[in-house]
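Here the structure is laid out as C-alpha cells; the discussion comes afterwards.
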Amino acid sequence: MSTIQQPDALAITTVVDRDQEKVPIPLASRILHKFYEPIILYVSLNDATRGTAQAPPPEPAIDTSVPKEVFEAFVNKLAHICDKTKGGDSVTAFTVLNNDEENKSVHYLFAANRQSIEQLQSTLSYVNELLRKVSNAPDNAEQQHAVRKNLLYDVLCFNRLRISHYLGKLQFEIEECLKSCGIEDTEDSIMVATELKKLHNSNNSGISLNSSKAECTLIFVP
C-alpha cells in the first residue's frame, strides 16, 4: 500500500516571480494535515482503478436530414480534430455564435485545457484554414474528393503527435502478434503474419514524431 510521509517543517513554499526565490509560508499543523487526506484518497483511488478504464461507446449515427444533428456533429468534430496531443492538454471545446448585427456573421470561439498563446495561435490558424477550404468547396461531388483529401492531410499533419503515439502502440501490438504467429507456426498463423508484416511496413512509412508539416509524409487511400 502506498504511503505518504509528512514533512518535517509545517510550511508551504511559494515562488516569488520577481527573483524566483522560494518563500516558506508557515501554517498551523491542523491546517497542513488537511492537505494529506485528499492526497491519500487520490493515491488510493489511483491504485484501485488503474487499468480499469473502458473504451468510450461508439458515436451514434447522424441523421443528415436533421440540420440540428448535422450542426452539432460538425462542431464536435471540429473540436475533436484540435486535440492534437495525448494526455489532455489540448482537449478543445468549441461554441458557434450567430451575430445578426454584423452582417449575419458567425463567430467560432474555442478553449483548450492547457495551451500556450503560441499553441492557441497555431490552432487558430489551423481552424481558419480548414473553414476557408470548407467554405470554398465545390458543389460537384467529383471535385469534392480532392478537397476531402486536402482537408485530411491538414488534419493528420496537425495531429501528427497524437497519431505518432497511436502508430507506436500499433507497431508494438503488431510485433507481439507476429511473435505469437511464429510460436503457433500453422497455415493460418503464417497467412496472418504475412498480412501483419505488410501493415508493419506501411506503419513504418507513415509520419514521424519529429516531422514538420512540410515533411509530413502520408499515405492516402483513395
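A short reminder: the numbers here are calculations on the coordinates, not readings from a lab. On a predicted model such as this, the values are computed, not experimentally measured, just so you know. Neighbour counts run over all protein chains shown; Cβ positions are idealised from the backbone, glycine included.
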### Count of lysine pairs in the stretch 105-199 with Cα separation under 20 Å (8 or more residues apart, or interchain)
6
### Message
Pairs of alpha-carbon atoms within less than 8 angstrom and 6+ residues apart define the contacts here; what relative contact order does the stretch 116-201 have, in percent?
### Response
18 percent
#### Entry: Computed label-point distance, nm, for sites Asn113 and Gln171 using a 7 Å Cα→Cβ extension
2.5 nm
### Task
Apply 1/(1 + (r/R0)^6) to the Cβ-Cβ distance of Asn150 and Phe74, taking R0 = 25 Å, and write down the FRET efficiency to the nearest 0.05.
0.90
### Query
With a ≥ b ≥ c the root eigenvalues of the C-alpha gyration tensor of the stretch 134-193, is it rounded (a/c under 1.5), prolate (a/b larger than b/c) or oblate?
oblate
#### Entry: Glu195 versus Ser65: modelled label distance in nm, points set 7 Å from Cα along the beta carbon direction
3.7 nm
### Summary
Rounded to 0.05, the calculated FRET efficiency for the beta carbons of Ile183 and Ala55 at R₀ = 35 Å is 0.80
### Task
Tell me the label-point distance for the pair Asn136, Tyr36, using the 7 Å Cα-to-Cβ offset, in nm and rounded to one decimal.
6.4 nm
### Message
Treating the stretch 55-202 as a set of equal point scatterers at the Cα positions, no solvent, please give the Debye-formula log₁₀ I(q)/I(0) at q = 0.11 Å⁻¹.
### Response
-0.64
